[in-house]
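Here the structure comes first, spelled out in structure tokens, and everything after it is commentary.
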Amino acid sequence: MSGLDWPAGFERTATAERERNRSFEATLGSTTEELATEMGRMDVEEWRGEIANAHTKSDGLPLHNANPDDPGFVLRWVDDGEQFAVACDASPRLRDNVRYVLKWVHETRMRSQRPVQTGDSEFAAARLPPGDDDEAVVGTATRQPPHEVLGVAPNAPENVIESAARARKAETHPDNDGDREEFKRVVNAKKAMLEDGR
């Protein structure tokens, strides 16, 4: 398991399809500094970066020498009580993925300063659907571990994980009046536990 909490509903890029960006000249350290500055300019309530290991600063942005196995990067923030996230794993290099996110945030923030009216906020594409009240997008301390979502031991064998996931999916399936977000959590928990066992 990578340890990266990829947002539900966001597709991952297959490892073989990740491409290096040869036009970025900035270092990972300067990129994270620029991103922190950009988030400060957005004046959001709270924000946090996330990579696939703990080699990060207190704001979740990677240290200059971070090199996780999973190069994906997620940026989450809360603004006016709404939760947002953008994520990138298009490159096999963490630095490039953080830089793509920085560029997107900067360009989107700049569009919001133009005197053009649109039907919604420029950041609407990054808005996440409402989640459980007790599970904050930015605060990682309240995130429930996958084995707890499924109600199994952390080192449960594959057949136990699959059986528990099948039962929990039946309970939470939206077609059976279940909660769509809880159903997604069950699906993601099963996937995380099975990948962790590889």
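The values are calculated or read from the model by the stated rules, or taken from the named source; none is laboratory data. Since the model is a prediction, treat every value here as computed from it, not as a measurement. Because the Cβ atoms are built from the backbone with ideal geometry, glycine has one as well, and the counts that use them run over all protein chains shown.
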* To do: Please tell me if TRP6 is part of a strand (DSSP E or B) and either free of Cβ contacts under 8 Å to residues at least 24 places away in the same chain or surrounded by 18 or more Cβ atoms within 10 Å (Cβ to Cβ) (or both).
  => no
* Taking ALA90 as the residue in question, decide whether it is assigned to a loop (DSSP other than H, G, I, E, B) and surrounded by 22 or more Cβ atoms within 10 Å (Cβ to Cβ). => no
* **Complete set of residues in the range 13-35 that are surrounded by 12 or more Cβ atoms within 10 Å (Cβ to Cβ) and assigned to a helix (DSSP H, G or I)** => LEU28, GLY29, SER30, THR31, THR32, GLU33, GLU34, LEU35
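Is it the case, given these coordinates, that ALA66 is of a type outside the set (Phe, Trp, Tyr), surrounded by 14 or more Cβ atoms within 10 Å (Cβ to Cβ) and under 19 Å from the mean Cα position of the chain (by Cα)? Write out each step before concluding.
Working: of a type outside the set (Phe, Trp, Tyr): yes; surrounded by 14 or more Cβ atoms within 10 Å (Cβ to Cβ): yes; under 19 Å from the mean Cα position of the chain (by Cα): yes.
Criteria met by ALA66.
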* Looking at this structure, is GLU195 at pLDDT below 85 and of a type outside the set (Lys, Arg)? -> yes
* In the range 36-63, residue surrounded by the most Cβ atoms within 10 Å (Cβ to Cβ) [restricted to those that are more than 19 Å from PHE123 (Cα to Cα) and among the β-branched types (Val, Ile, Thr)] -> ILE51
* Given (1) under 24 Å from ASN188 (Cα atoms); (2) small (Gly, Ala, Ser); (3) assigned to a loop (DSSP other than H, G, I, E, B), index of the condition ALA85 fails -> (3)
* **Conditions (1) of a type outside the set (Phe, Trp, Tyr); (2) at pLDDT 85 or above; (3) touching a helix residue (DSSP H, G or I) at 6+ places or on another chain (Cβ under 8 Å); number of the one not met by PRO157** => (3)
* Of the criteria (1) under 24 Å from the mean Cα position of the chain (by Cα); (2) basic (Lys, Arg); (3) farther than 22 Å from TRP6 by Cβ, which one ARG166 fails -> (1)
* Pick out the one residue from THR31, THR27, THR56 that is within 23 Å of PRO146 (Cα to Cα), outside the structural domain of PHE183 (by TED's automatic domain parsing) and of a type in the set (Val, Ile, Thr). => THR56
* How many of the residues making up the range 18-57 are touching a residue at least 40 places away in the same chain (Cβ under 8 Å) and of a type outside the set (A, V, I, L, M, F, W, C)? -> 15
